[in-house]
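Asker: Just passing along the structure, written as structure tokens.
Where a number appears in this text, it was derived from the coordinates with a stated rule and is not lab data. This one's a predicted model, so the numbers in the text were calculated from it and none came from an experiment. Positions of Cβ are backbone-derived with ideal geometry, glycine not excepted, and every protein chain shown enters the neighbour counts.
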Amino acid sequence: MTRTNKSKKGITENILQFPSNRSKKLKKVLVAGGAGFLGSHLCELLLATDHDVICVDDLSTGRVENINHLFDLPNFAFRRHDVRSTLNVKVDAIFNFASPASPPAYQADPIGTLFTNIIGARNLLELARRRDATIVQASTSEVYGDPLVSPQREDYHGNVSPIGPRACYDEGKRCAETQFFDFHRLFGLKIKVARIFNTYGPRMRPDDGRVVSNFIVQALRNEPITIYGSGLQTRSFCYVDDLIGGFLKFLNTSPDVTGPINLGNPTELTMIDLAERIIRLTNSKSPIVHQLAAVDDPQRRRPDISLAAAQLGWRPYVDIEDGLLSTIAYFDRILRHAAANN
Ligand code: NAD
Ligand code: UDP
């Protein structure tokens, strides 16, 4: 993986200076959705910090290429499995990353998305209960919907349409959080809920459909950069290494630290600003074109990360331009490779 020096600093600061990450108590870890963009980085980090990893994935949006380099490691195992069906494995900890995350992907099969988030979470919670395992949920800033307050703190209850095209994902994730907290209250389950804000980096798919991958691929091909709507809507982008470091820190907190905790980078950009930066960093000739706005598209998104700072000692380190350069280098490599093989 290509990393900038600042990115390496982020990893070092957030992970290696935290000795309890080498805890032996949570040795065997299941990563549901482990062949996806974020899940594969998490598998890598868990293996690098002395854990045994069982990666479970139905490969619907994930790819074997993301984890190919891990197959030969003795402490890594992969099982192709849909979390909507029950599973039984011996584990000390579970990360639930299993869900499509890109709007085109989750809207392509809305009922499947809803049930992956509701039934999948339920199955993993039952597994955690049987094994007395800690369970960590990859929740999302989408639980805040189109927020009426900014930045978003964890005590904001959100502004979500229950009937729009994003609802299968937003309400699925909200319901998953509900189940996590009910299992915690009813059975004393050790839960940890992280709300991830837009995260980007190497291993995103070129055809994933999210904004960073779309803009970079379009810029590298000198094709028009497609801005949906005015482009004045904002997002706050976190580099993958920073985010994954936060998850490891969260895993190793005491059981009373349940979250929800926001994990994201508070630097807020408009989509026009993002497009212009990517055009500059790729030295692209792409024009910017405006297309129809997406229905129910949140207009502002920015995390308040004071809880993550206080409870995890976490903050992001990777500057947006360093993270974009690293991601551009990744896409440049895979597009060249694809072109050479055609
Ligand atoms: P991704 O699509 O690359 O990864 C999701 C993984 O889950 C894929 O490998 C996919 O094959 C797997 N999966 C989907 N449905 C499954 C099922 N029913 N059974 C088993 N596996 C299944 O997306 P990502 O960006 O890596 O997101 C990972 C998690 O983080 C998701 O839960 C997503 O909601 C959450 N999240 C991501 C972001 C982000 O910006 N990347 C933001 C908020 C939340
Ligand atoms: N977006 C865009 N052009 C694209 C893809 C997305 O302008 O080619 C916009 C989208 O409308 C949204 C923002 O970029 O306002 C972030 O979209 P993304 O799908 O990455 O994530 P999410 O909407 O889930 O935050």
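This table checks each residue for (1) crowded, with 23+ Cβ neighbours inside 10 Å; (2) in a strand (DSSP E or B).
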| position | (1), (2) |
| --- | --- |
| 163 | no, no |
| 168 | no, no |
| 183 | no, no |
| 206 | no, no |
| 216 | yes, no |
| 227 | no, yes |
| 231 | no, no |
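Asker: Still on this model: Restricting to the range 316-341, name every residue that is out of contact with any Gly (no Cβ under 9 Å at 6 or more places or on another chain) and in a loop (DSSP other than H, G, I, E, B).
Answerer: Selection gives 319, 341.
Asker: A follow-up question, please. So, in the range 41-75, of the ones that are under 24 Å from residue 88 (Cβ atoms) and in contact (Cβ under 8 Å) with a residue 60 or more places away in the chain, which residue ends up farthest from ligand 1 (Cβ to nearest atom)?
Answerer: Filtering the range 41-75 for residues that are under 24 Å from residue 88 (Cβ atoms) and in contact (Cβ under 8 Å) with a residue 60 or more places away in the chain, the one farthest from ligand 1 (Cβ to nearest atom) comes out as 46.
Asker: Where in the range 235-298 are there strands (runs of 3 or more DSSP E), lying fully within it, with 2 or more residues that are in contact with a Lys or Arg (Cβ under 9 Å, 6 or more places away or on another chain)?
Answerer: Answer list for the range 235-298: 261-263, 268-270.
Asker: Among the numbered criteria (1) closer than 26 Å to residue 310 by Cβ; (2) within 15 Å of ligand 1 (Cβ to nearest atom); (3) out of contact with any Gly (no Cβ under 8 Å at 6 or more places or on another chain); (4) not aromatic (Phe, Trp, Tyr), which one does residue 122 miss?
Answerer: (1) is the only condition that residue 122 fails.
Asker: Here is a follow-up. Among the numbered criteria (1) over 17 Å from residue 140 (Cβ atoms); (2) surrounded by fewer than 16 Cβ atoms within 10 Å (Cβ to Cβ); (3) of a type outside the set (Ser, Thr, Tyr); (4) in contact with a strand residue (DSSP E or B) (Cβ under 9 Å, 6 or more places away or on another chain), which one does residue 321 miss?
Answerer: Looking at each condition in turn, residue 321 falls short on (4).
Asker: Right, next: How about the range 25-79: which of its residues are over 20 Å from the mean Cα position of the chain (by Cα) and closer than 20 Å to residue 122 by Cβ?
Answerer: Passing the criteria: only 79.
Asker: Same structure, new question: On the basis of being surrounded by 19 or more Cβ atoms within 10 Å (Cβ to Cβ), away from ligand 1 (no atom under 16 Å from the Cβ) and either among the acidic types (Asp, Glu) or assigned to a helix (DSSP H, G or I) (or both), does residue 307 make the cut? Write out each step before concluding.
Answerer: Details: surrounded by 19 or more Cβ atoms within 10 Å (Cβ to Cβ): yes; away from ligand 1 (no atom under 16 Å from the Cβ): yes; either among the acidic types (Asp, Glu) or assigned to a helix (DSSP H, G or I) (or both): yes.
Yes: the conditions hold for residue 307.
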